[in-house]
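Trainee: Quick one: structure below, then a few questions.
The values are calculated or read from the model by the stated rules, or taken from the named source; none is laboratory data. Worth saying up front: this structure is predicted, and the values here are computed from it rather than measured. So basically every Cβ, Gly included, is an ideal-geometry build from the backbone, and we count neighbours across all protein chains shown. When the accessible area is computed, the model is the full protein with side chains, heavy atoms only, and any ligands, DNA or RNA have been set aside. Shrake-Rupley method; radii C 1.70, N 1.55, O 1.52, S 1.80 Å.
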There are 4 protein chains.
Amino acid sequence: MDQPIGIAVVGAGYWGPNLVRNAQATPALKLRYLCDLDTERARRVLGDYSTVRVCGSLDDVLADPAVDAVAIATPAATHLPVALAALRAGKHVLVEKPLAANYADGLELVREAEERGLTLMLDHTFAYTPAVQHLRHLVRSGEIGTVRYLDSVRINLGLVQPDVDVFWDLAPHDLSIFDAILPDGVRVARVSAHGSDPIGAGRACVGHLTLELSDGVLAHVHVNWLSPTKIRTMIVGGSRRTVVWDDLNAVQRLSVHDRGADLADSDENRRQAIVSYRRGDTVAPALPEREALRGVMAEFAASITEKRAPLTDGSSGLRVLATLEAASASLAAGGEFVAVDRVGPPATP
Amino acid sequence: MDQPIGIAVVGAGYWGPNLVRNAQATPALKLRYLCDLDTERARRVLGDYSTVRVCGSLDDVLADPAVDAVAIATPAATHLPVALAALRAGKHVLVEKPLAANYADGLELVREAEERGLTLMLDHTFAYTPAVQHLRHLVRSGEIGTVRYLDSVRINLGLVQPDVDVFWDLAPHDLSIFDAILPDGVRVARVSAHGSDPIGAGRACVGHLTLELSDGVLAHVHVNWLSPTKIRTMIVGGSRRTVVWDDLNAVQRLSVHDRGADLADSDENRRQAIVSYRRGDTVAPALPEREALRGVMAEFAASITEKRAPLTDGSSGLRVLATLEAASASLAAGGEFVAVDRVGPPATP
Amino acid sequence: MDQPIGIAVVGAGYWGPNLVRNAQATPALKLRYLCDLDTERARRVLGDYSTVRVCGSLDDVLADPAVDAVAIATPAATHLPVALAALRAGKHVLVEKPLAANYADGLELVREAEERGLTLMLDHTFAYTPAVQHLRHLVRSGEIGTVRYLDSVRINLGLVQPDVDVFWDLAPHDLSIFDAILPDGVRVARVSAHGSDPIGAGRACVGHLTLELSDGVLAHVHVNWLSPTKIRTMIVGGSRRTVVWDDLNAVQRLSVHDRGADLADSDENRRQAIVSYRRGDTVAPALPEREALRGVMAEFAASITEKRAPLTDGSSGLRVLATLEAASASLAAGGEFVAVDRVGPPATP
Amino acid sequence: MDQPIGIAVVGAGYWGPNLVRNAQATPALKLRYLCDLDTERARRVLGDYSTVRVCGSLDDVLADPAVDAVAIATPAATHLPVALAALRAGKHVLVEKPLAANYADGLELVREAEERGLTLMLDHTFAYTPAVQHLRHLVRSGEIGTVRYLDSVRINLGLVQPDVDVFWDLAPHDLSIFDAILPDGVRVARVSAHGSDPIGAGRACVGHLTLELSDGVLAHVHVNWLSPTKIRTMIVGGSRRTVVWDDLNAVQRLSVHDRGADLADSDENRRQAIVSYRRGDTVAPALPEREALRGVMAEFAASITEKRAPLTDGSSGLRVLATLEAASASLAAGGEFVAVDRVGPPATP
């Protein structure tokens, strides 16, 4: 790394300060701007002791040749124009989830980046946590066998968003985690969504997603803004082991259980469903303590330098978007299953 | 209570021994028989020190005038003939959940009991736990406001049943608990069920039920035989308080949270969905330690003596059955919503 | 086992019913009597359906040749006369902890049993739990290396006993567990005890024991009747692994941690205390679900039949008693260390 | 606040970066220097984007009139010379716990600050957590009644310090928390300390402190560097309520239990120790999420501006030091109780 990559953060709202902090802590990056229409807010984010420049104009930032890359933390509805402008100015782009407000917009960004040979990376932060990286290893190495089912719960008393429902706000996390750990990413065949809005907010505040993956595996996601209690649990059921990830249990986030049920192996038994049970030990792997966003920044820099696709590239963003759009269509259709390829072409491996 | 009520337990399998033990501990009951075709098994259940008689013939038991009541813990498929025989012999009946193998059979039992003026009670054991009784009080007294949503998770490494799927095995618990706590019982308008059978058992082993109640409230139930980790959590979201019941947390089963989101009250704000949040204290009410089945037995005896409907009467059993049947229909129809009145008349208050 | 061993339970108070239930469930035993001065209480314990005889006279029970053994669950102060009478009548004895009210009495019982060739066994129930048996295996097999320290916490809102302080009420559990798991039993060199009586009960309600074992290892026990929260945790620190036993965590009672600190191995470093750390995985071994008292009964029967010392024999009871007596002496002396051989001869291996 | 208070942080090791970050975030302070002999380390702490100056010379920092105050995060052994130099240069001082390496040194600092009318404040960070501030309120307002006992456990796999034992490393936290919550601060009459060094580190790695407070209350502190599992629990037993603080339970740090035992109130009963029990509800108060060190900085600034003693003033530091010294004396004397006034005069109210 001869020369650090010049980067600008766009958006000084909820997530921007985290990008600022982690960009500064990444040796391969040189933070040049924090850009926000509200320059006062940007100044407050940087504080009184920073040498980083504040800029209220995206154009000015993109015009600076010292800026090689842009990290975007603006509302999803603005991702298309902001990211497009950045790509057209020849900048690499790291974009907050979801990639864009809809699949068509996301696709436009992916194509623009491809044509220009620029990195387009999703800030799927969870994919860079030690827990997900270990889970990815457990799934992809075959240690847990084949995946049998997935179940994710992400509920707490959350902020009711003014522009998106609970699916678009929270489920991108679950979907991008599925995408990170499954061998071919999250290949969803069809989606059923049930939601409710018991406080009259004008959008679903409680939601249940049932995903049928292309290999027939069923995955379920429960997202909820109204729960007084916070739960962040994912179960990855495998044929050899089942992993339970409890993200709030700081001392034992992952538990790899040698417990499960299997069909006894004789044909004649199949009719009778003779089931055998394993009730073995549980292993809690030691995980490093590491801030995920540090890993996001390092991967962004490395993918630019090495001219390769990042772990969470545009196509992972598209798979998430296509699933969310199908979920919205299902919700509108009263919960019936909607095929993902109705909204976007099936993602290519 | 001049004379204790003579009772016979039918079925010495998984649940029968619990009925035997609790019937013996209930002063208002006099246990006269343990009845099972497999008399050897019945003898083992009673042990070497019991004065209770073993009997292999239901007819003989029903012919004994000292038997006033029968508690049935046989497979669901046999509930109709066994309970019908008992009722026709003039015996009061306590029956294991579910009431019968289908709604029509259940209805026949309810009508038979009504015509004969006999008690027909469901052993919805959970309804008699201190936690549910307190929850019932919190909901029915209005302390938590109006119910906004219900969410129940009942998962562990369970026995894959040879005759029923995971919905019929586990969801009766959740449905009967809803029935016990909601002011008019669980009035389900329509049901959507998603299930999967990832081990090839021939029936759903993982299941998700979405219930739309007659007042529009959405309830969700997750049942799972394949989870290595055991979870028994129910959330009852209310407009004033939300209760989280964690049945595995012996020292704090119920937590009543003064936490939640509400829509701000002005009409002009409604468009903007201005939301206010409460983040108050949590109260964990002191609950007595008491075996639920003891309460079942006491209620059975009291309802007989006082000639009144028991808390968990036949109609509660019918509401549960109708919901389960609609769930099976939804499952067969690929998850589409099925109206409960397609399978049974809407239960009357 | 040609003929089951005839047994009588003496004492129908708090613990007696458990002995009755488990004796009945043990095929090698034949329960003949429940003996209590308060025959009405004994009858209530047996219930209305039992063939077991109630007897108010210990002499009558001991005179019955069908009684081969006696299980004693009377107050500690009565252990000497009751057990002595039983032994002198030629009966094997299982006695509730502690063995006797003081070391001298306990020694008399041990000698009487030895002279007569009879089994004298302590009901150190915890020693027969799956958790302690696995812990015993982990320690004795060398899997955790050499023991470095022991720490036990046993606190909750407990019944303030009228006759003994919190050390004599609760610490026998911790001491007998240490005794079961350590290769040579719990060999205590000296003891320091601190206690307080903040409610004015006339005896220590909160207590801390520091034990210096004969090999220099320090063990600490915290017992407390006044804690609103219940904690039952033991840490067995070893040179290779450290085990944490949380008895209230039903799904993960034992956690075997490959985590710890070690001195780096060079002499010159010793002065500098260069320490290396292991931060490896945690393994939660699968444990069977089994009632401990069933194991107590089986061991009692087996030790009689096989004419061998039981796992928790009289000498284990003496080691516990000697430690408790030294603790009382320390408490009286303001917490100074008291050598255990001041109260009893050091137990022989 | 016309002009922010100019401050320098001294020490860029483990804790210094936290002081730097929080000083920068405090409007009433203006961070002017980070001072460390190792200027390269200081530069790394500030990062590449800071306008704060690095300085390798304490003298130069103290000579700058723009520096009004100094926050010291150097090893305890250097607190005396560093803080003394700062005070003599007329600077207010915030010093890392413990105040100094021994009581005499600490006293010298307190007197120097008093003579010069300067603020000398201890960074007892825990005292500024929302949990301790609420606990302080509960104790001082009388809501929990009179304090009956204190119990604190602070164990995990910690860094074996090269210069101090586990008592001096960890117990200052517990003692300063006691000091913050008790109405008159932690008035310790005498101390008994037991420690062990099972890895041969040359200093106690496992420690137990028994404190007898001046009003007779017993407090116990368990500190341990070798535990594979992390526990941070404090019990404050009161005559009306008992509070359990579990600092690792982020969703319910404080539990206020209406559970306890009381002596029944008649004189004749006193002999019999008739005890009554309360088994009421538990309340978990809502606590704000707030970084404690932010509160430390705000209090430091406010105490300077308002020319008043800070919450954690020099005398609180002396009370902690005197207790630690008595603990060391007790440890050297084999655990016997050592009066605190043997090492320092009893702190004055």
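Residue by residue, here is whether (1) outside any strand (DSSP E or B); (2) at the interface with chain D (Cβ under 7 Å from one of its Cβ atoms); (3) acidic (D, E); (4) surrounded by 18 or more Cβ atoms within 10 Å (Cβ to Cβ) holds:
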{"position": "C:A193", "(1), (2), (3), (4)": "no, no, no, yes"}
{"position": "C:A204", "(1), (2), (3), (4)": "yes, no, no, yes"}
{"position": "C:L211", "(1), (2), (3), (4)": "no, no, no, yes"}
{"position": "C:V223", "(1), (2), (3), (4)": "no, no, no, yes"}
{"position": "C:T229", "(1), (2), (3), (4)": "no, yes, no, yes"}
{"position": "C:A250", "(1), (2), (3), (4)": "yes, no, no, no"}
{"position": "C:D258", "(1), (2), (3), (4)": "no, no, yes, no"}
{"position": "C:A261", "(1), (2), (3), (4)": "no, yes, no, yes"}
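Trainee: Consider D:D281 against the criteria (1) in contact (Cβ under 8 Å) with a residue 40 or more places away in the chain; (2) in contact with a Pro (Cβ under 8 Å, 6 or more places away or on another chain): it satisfies all of them except one. Which criterion is unmet?
Mentor: For D:D281, the failing item is (1).
Trainee: Quick check on my filter: what residues within the range D:208-237 are more than 22 Å from C:A204 (Cβ to Cβ) and within 20 Å of the chain's Cα centre (by Cα)?
Mentor: D:V223, D:N224, D:W225, D:K230, D:I231, D:R232
Trainee: How many residues, within the range C:273-304, are at pLDDT 95 or above and of a type in the set (F, W, Y)?
Mentor: Of the residues in the range C:273-304, 1 are at pLDDT 95 or above and of a type in the set (F, W, Y).
Trainee: May I ask you to list pairs of residues, at least six apart or on different chains, whose Cβ atoms are under 8 Å apart, with the first in the range B:326-341 being closer than 15 Å to A:G334 by Cβ and the second being part of a helix (DSSP H, G or I) and not charged (D, E, K, R)?
Mentor: B:E336/B:S330; B:F337/B:S330; B:V338/B:A326; B:V338/B:A327; B:V338/B:A329; B:V338/B:S330; B:A339/B:A326
Trainee: Right, next: Quick one: count up the residues across the range D:1-20 that are open to solvent by 40 Å² or more (accessible area, probe 1.4 Å) and more than 18 Å from D:E96 (Cα to Cα).
Mentor: The qualifying residues number 4.
Trainee: Is it fair to say C:S315 is within 26 Å of C:W245 (Cα to Cα) and either β-branched (V, I, T) or at pLDDT 95 or above (or both)?
Mentor: yes
Trainee: Would you be able to tell me the number of residues in the range C:204-235 that are of a type in the set (D, E, K, R) and either under 12 Å from C:F167 (Cβ atoms) or not assigned by TED's automatic domain parsing to the domain that holds C:A131 (or both)?
Mentor: Looking only at that region, the number is 0.
Trainee: If you take the residues of the range D:231-248 that are within 29 Å of D:D197 (Cβ to Cβ) and of a type in the set (D, E, K, R), which of them is nearest to the other protein chains (Cβ to nearest Cβ)?
Mentor: Result: D:D246.
Trainee: Looking at D:G260, is it within 30 Å of D:P162 (Cα to Cα) and modelled with pLDDT under 95?
Mentor: Here the answer is no, as D:G260 does not meet what is asked.
Trainee: Give C:A83, C:A23 a once-over and let me know the one that is within 14 Å of another protein chain (Cβ to nearest Cβ) and open to solvent by less than 40 Å² (accessible area, probe 1.4 Å).
Mentor: C:A23
Trainee: Let me ask something additional. Taking the stated definitions as given, is C:G13 among the small types (G, A, S) and within 23 Å of the chain's Cα centre (by Cα)?
Mentor: Taking the combined requirement at face value, the residue satisfies it.
Trainee: State yes or no: is C:G106 outside the structural domain of C:I199 (by TED's automatic domain parsing), under 22 Å from C:D341 (Cα atoms) and not charged (D, E, K, R)?
Mentor: The answer is yes for C:G106.
This table checks each residue for (1) within 14 Å of chain D (Cβ to nearest Cβ); (2) closer than 25 Å to C:G237 by Cα; (3) not in a helix (DSSP H, G or I).
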| position | (1), (2), (3) |
| --- | --- |
| C:V93 | no, no, yes |
| C:A101 | no, no, yes |
| C:E114 | no, no, no |
| C:L118 | no, no, yes |
| C:F126 | no, yes, no |
| C:H134 | no, yes, no |
| C:G145 | yes, yes, yes |
| C:Y149 | yes, yes, yes |
| C:R154 | yes, yes, yes |
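Trainee: Taking C:K307 and the conditions (1) modelled with pLDDT of 95 or more; (2) of a type in the set (K, R); (3) at negative phi, which numbered condition does it fall short on, given that it satisfies the others?
Mentor: Exception for C:K307: condition (3).
Trainee: When the range A:31-54 is examined, which residues are found to be outside any helix (DSSP H, G or I), over 16 Å from A:T74 (Cα atoms) and open to solvent by less than 60 Å² (accessible area, probe 1.4 Å)?
Mentor: A:L31, A:G47, A:Y49, A:S50, A:V52, listed by residue number.
Trainee: Please work out if A:V82 is part of a loop (DSSP other than H, G, I, E, B) and in contact (Cβ under 8 Å) with a residue 24 or more places away in the chain.
Mentor: Spelling it out, it is not the case that A:V82 is part of a loop (DSSP other than H, G, I, E, B) and in contact (Cβ under 8 Å) with a residue 24 or more places away in the chain.
Trainee: Another question, then. Quick one: in the range D:273-298, which of the residues that are over 30 Å from D:R259 (Cβ atoms), open to solvent by less than 60 Å² (accessible area, probe 1.4 Å) and in contact with a helix residue (DSSP H, G or I) (Cβ under 7 Å, 6 or more places away or on another chain) is nearest to the other protein chains (Cβ to nearest Cβ)?
Mentor: Out of the qualifying residues, it is D:M297.
Trainee: Shifting gears a bit: From the list D:D163, D:D197, which one is at pLDDT below 95 and within 11 Å of chain C (Cβ to nearest Cβ)?
Mentor: D:D163
Trainee: Only residues that are open to solvent by 50 Å² or more (accessible area, probe 1.4 Å) and either in contact with a His (Cβ under 6 Å, 6 or more places away or on another chain) or of a type in the set (A, V, I, L, M) (or both): list them for the range A:299-328, please.
Mentor: A:A309, A:L311
Trainee: If D:R241 satisfies all but one of (1) farther than 18 Å from C:I235 by Cα; (2) open to solvent by less than 10 Å² (accessible area, probe 1.4 Å); (3) in contact with a His (Cβ under 9 Å, 6 or more places away or on another chain), what's the number of the condition it fails?
Mentor: Every listed condition holds for D:R241 apart from (2).
Trainee: A further question on this structure: I'd like to check something: does the range C:41-61 contain any residue that is under 24 Å from C:A100 (Cα atoms) and within 12 Å of chain B (Cβ to nearest Cβ)?
Mentor: Within the range C:41-61 (the criterion being under 24 Å from C:A100 (Cα atoms) and within 12 Å of chain B (Cβ to nearest Cβ)), the answer is no, since none of the residues qualifies.
Trainee: Additional query: Residue check: is A:A71 of a type in the set (A, V, I, L, M), part of a helix (DSSP H, G or I) and open to solvent by less than 20 Å² (accessible area, probe 1.4 Å)?
Mentor: Considered against the rule, which asks whether it is of a type in the set (A, V, I, L, M), part of a helix (DSSP H, G or I) and open to solvent by less than 20 Å² (accessible area, probe 1.4 Å), A:A71 comes out as no.
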